[in-house]
Amino acid sequence: MTLTITLEDDVNMLQQYIEYFPDFPKPGIHYKDILSLLSHSDGIKLLEKILKQISDQLRGKVDCIAMLETRGFIFAPILALHLNVPCIPVSKKGNLPGDVIEMSYILEYGEDILTLQSNNIIKGQKIIIVDNYLATGGTLEAASKLIKKAGGEIVQGLVLMEKLELEGRKRLDYPIVSLMSG
């Protein structure tokens, strides 16, 4: 008898590597730390396996991956390697050299400005946005506006975790794949 492990099974196993921190970064927020899985080689291998499975579903549908600072910078390149497409950084103000375009946005616990290097996107390029967490949707919404302003077309978003009760995906005009909720 052969045991078949599905993507859902793998995602359920990945949850064992997530650590929880109450009242971080401010009182009332129950922070789920995706980065904790990186301190376990089995967690890294499992994440790579999951991202490979997702890349199989995306193959031929995307030209580029927009990776959001900071944690998206960790996960997006793994997906890009499996898709054989480039990654472009979407970063906070002051972190990217050269000519940039900017977009301000509101977070769950503050506000910030995102930037994108003006020459990174080719007009009409099909792009998936990768980040670690979807809460209010402000960061992903700002990133998508920035990418569209630069001429890109958002095909999909991918997040490792989503805080469902904040309904952040309602702010987005493209499909989101969320591996975990919490």
Point to revise | For ILE34: the one exception among (1) in contact with a Leu (Cβ under 7 Å, 6 or more places away or on another chain); (2) at pLDDT 95 or above | key: (2)
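Quick one: would you say LEU35 is under 27 Å from LEU164 (Cα atoms) and touching a Ser or Thr at 6+ places or on another chain (Cβ under 7 Å)? It would help to see each step written out before you state the result.
Values: under 27 Å from LEU164 (Cα atoms): yes; touching a Ser or Thr at 6+ places or on another chain (Cβ under 7 Å): no.
Spelling it out, it is not the case that LEU35 is under 27 Å from LEU164 (Cα atoms) and touching a Ser or Thr at 6+ places or on another chain (Cβ under 7 Å).
Could you check region 164-182 and list, in sequence order, the residues that are open to solvent by 30 Å² or more (accessible area, probe 1.4 Å), without any contact (Cβ under 8 Å) to a residue 40 or more places away in the chain and not in a strand (DSSP E or B)?
LEU164, GLU165, GLU167, ARG169, LYS170, ARG171, ASP173, PRO175
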Point to revise | Residue list for region 10-34, filter: within 20 Å of LYS52 (Cβ to Cβ), open to solvent by less than 60 Å² (accessible area, probe 1.4 Å) and free of Cβ contacts under 8 Å to residues at least 60 places away in the same chain | key: ASP10, TYR17
Check your understanding: If you go through region 48-56 one residue at a time, do you hit one that is more than 17 Å from VAL159 (Cα to Cα), open to solvent by 70 Å² or more (accessible area, probe 1.4 Å) and of a type outside the set (S, T, N, Q)?
Key -> no
Review point. Within the bounds of region 71-82, is there any residue that is open to solvent by less than 40 Å² (accessible area, probe 1.4 Å) and outside any helix (DSSP H, G or I)?
Key: no
Check your understanding: Given the conditions (1) surrounded by fewer than 23 Cβ atoms within 10 Å (Cβ to Cβ); (2) closer than 19 Å to LEU37 by Cβ; (3) of a type in the set (Val, Ile, Thr), which single one is not true for ILE154?
Key -> (2)
Review point. Residues ILE88, ILE113, ILE121: which one is on the phi < 0 side of the Ramachandran plot, among the aliphatic types (A, V, I, L, M) and surrounded by fewer than 17 Cβ atoms within 10 Å (Cβ to Cβ)?
Key: ILE113
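The values are calculated or read from the model by the stated rules, or taken from the named source; none is laboratory data. From a predicted model like this one, the values you see are computed outputs, not experimental measurements. No Cβ is skipped: glycine too gets one built from the backbone with ideal geometry, and neighbour counts run over all protein chains shown. Protein only, heavy atoms only, side chains kept; ligands, DNA and RNA dropped before computing areas. Shrake-Rupley method; radii C 1.70, N 1.55, O 1.52, S 1.80 Å.
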